[in-house]
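Scroll down for the structure; my scribbles are underneath it.
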Amino acid sequence: MDGKRENLALLLFIVAAFIPRLTLLSFNPPGLFRDEVEKLYHSWTFWNHGGETLEGEVYPLFIEIEGATTSGIYHYFSAVFTMAGFPTALQGRLIIALVGIITICAFITLLGKLFSGKAALLAGILFVFSPWHFLFSRWIQQGIFLPLFLAAFLLFFHNGKVKKWSAFYFMSGLSLGLAMYSYAIAIVLVPLIMVGLIVLEYRHFQWRTGLAFLAGLALLAVPVLHQQAAGVTGEASRFARISVFNAPSPWWEFIINYLQHLSPWNLFITGDNNLRHSYPYLGMFHWYTLPFFAGGLIYLIRNRDHYCRLILWLLLVSPVPASLTMEGIPHYLRAIPLLLMVEFIIETGMIKVYQDFPRFFRFYAPLIAINLLVFMGVAFYFYPVKSLPLWDADFFDMALKEGQSLQAEYNRPFYISEHILYREYMYGYFNRLSPEQFHAVRDVEVYFTSREMKEPYLELHYRYPFQENDRTPLCTGQNPLFMVSLVGDKD
């Protein structure tokens, strides 16, 4: 097979490999998570209410959710689907899957420019089936946008270095600025990246290209930093609740967290404890890629090229934002920039093995193929069963329908426990309430707000921990997460 046919075969394989990322998106993950419901519902009301959020903000950069704020990037990207009709799980997750696919394409393009197109396509297979990226490309969260903007930043920066065009530097800075809108951790990460760029590039600084980069970055970064300084985004209060600075020894806590995120055992063997972030029985990356990671890391350390040093710097700073928190460590959603850096090193190692040790690679290739089949089994057979209770919104919907039926039967007020997170948005989504209907229902306190009531009432609440007191369970059923009880009437 000649070179053109080999490249065509590899390209077709990469295209075919995208099919599993688009397969069964409605059912795997096996239900909606409350965060997904919030984004679907907020997006639909946002685009069908003149760009106004449920909290009254008009086309905001960040959206207020129950006293905290989150990036609005998903809500803007979802415009095509949500303006067309009420969004389903498939429509919402398709946006995320497409972002993941575009990220892979940008990443393969970058590798092709650094090495060769053929080697980049071959190495791209590992990224297509990367457990970390594969899972996060299948459910709705804004974190998946961050690797896309970081990949764009690296690609445009490399093109700027090679061609000396200010336009590429401007686009590189713009991509880094966009990263600050994707996920809150980027507000910490981007300044750290800038420190590395200043140290690595100050000797080669050119006013024309340097100012182009800074102009692109400032265009998008300044509004975010202004909001942070003004305290508009509310991230400070949220960070204060989960910050390592609440610990008795904050810096020691930070070091432990940092090392846990970079631990090869966690990255390649055990993964994240949260099954929304990691597949069971697998690490964040495949175990057989560890030799490639070691080889790629050695190559980057030995190579004094400025680009290699930039990747190493990004590897070192990527876990920093996640390590500043104490919640669910290692937390590989907050550490998602690390995904791109480790993947870059793995694929660099794979390319060098392919180029320098072709016999070893031919021996290793069948092992990769077999393990990819095993991964598909875990992702599509074991994962939906193992992770089912974590996707709580559909269980809420089941209990809500039971509660509404019992409300008609018992003729009692219906109260949704204040301990159920995002209960307002789940209620609005599953009842398909317009913004006007949503506000009308929310103003009726009994639906969402705890209050003392003299008459008995129905309450939808978490099944565990369940305290008897004066509650009479009315539906015990098969719902593992929620139940409806009659409160205040034991007869």
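No value in this document is a laboratory result; all are computed from the given coordinates. Worth saying up front: this structure is predicted, and the values here are computed from it rather than measured. Please note: Cβ atoms are built from the backbone with ideal geometry, for glycine as well, and neighbour counts cover all protein chains shown.
Quick notes on this one:
- Over the chain: helical MRE at 222 nm, DSSP H runs n ≥ 4 each giving -39500 (n - 2.57), nearest 500: -18500 deg cm²/dmol
- Shape call, segment 111-229: gyration tensor on alpha carbons, a/c limit 1.5: oblate
- Restraint check, K352/K386; K4/K386; K39/K164; K39/K401, Cα-Cα greater than 32 Å: K352/K386; K4/K386; K39/K164
- Charge-dipole axis of the chain as Lys and Arg at +1 and Asp and Glu at -1 on Cβ define it, positive-most pick from M171, Y354, A151: Y354
- Entry note, the chain: relative contact order of 16 percent, from Cα contacts under 8 Å with a spacing of 6+ residues.
- Largest first, the extents of the alpha carbon coordinates of the chain on the three principal axes equal 79, 51, 50 Å.
- For the chain, a crude dipole built from +1 on the beta carbon of Lys and Arg and -1 on the beta carbon of Asp and Glu, taken about the Cα centre, is about 2560 debye to the nearest 20.
- When each full DSSP H helix of the chain is screened for a Cα extent of at least 30 Å along its own axis and an average Kyte-Doolittle hydropathy of at least -1.0, the helices passing are 89-114, 207-230.
- Distant-in-sequence amide contacts of Y457, defined by a placed amide H-H separation under 5 Å and a gap of 5 or more residues or a different chain, comprise V487.
- Each Lys or Arg adds one and each Asp or Glu takes one away; over the other residues whose Cβ falls under 10 Å from the Cβ of I416, this sums to -2.
- Dipole of the chain, positive direction: furthest Cα of N28, T325, L8, with charges on the beta-carbon: L8
- Whether segment 153-208 is rounded, prolate or oblate, judged on the alpha carbon gyration tensor where a/c under 1.5 counts as rounded: oblate
- Near T23: Cβ cut-off under 14 Å, other residues only, Lys/Arg at +1 and Asp/Glu at -1. The net charge is +3.
- Among L297, L126, H226 the positive-end extreme of the charge dipole of the chain (Cβ point charges): L297
- Residues whose placed amide H lies under 5 Å from that of L474, excluding near-sequence neighbours: V484, S485, L486
- Ordering K113, K352 by the number of other Cβ atoms within 10 Å of each residue's own Cβ, fewest first, gives K113, K352.
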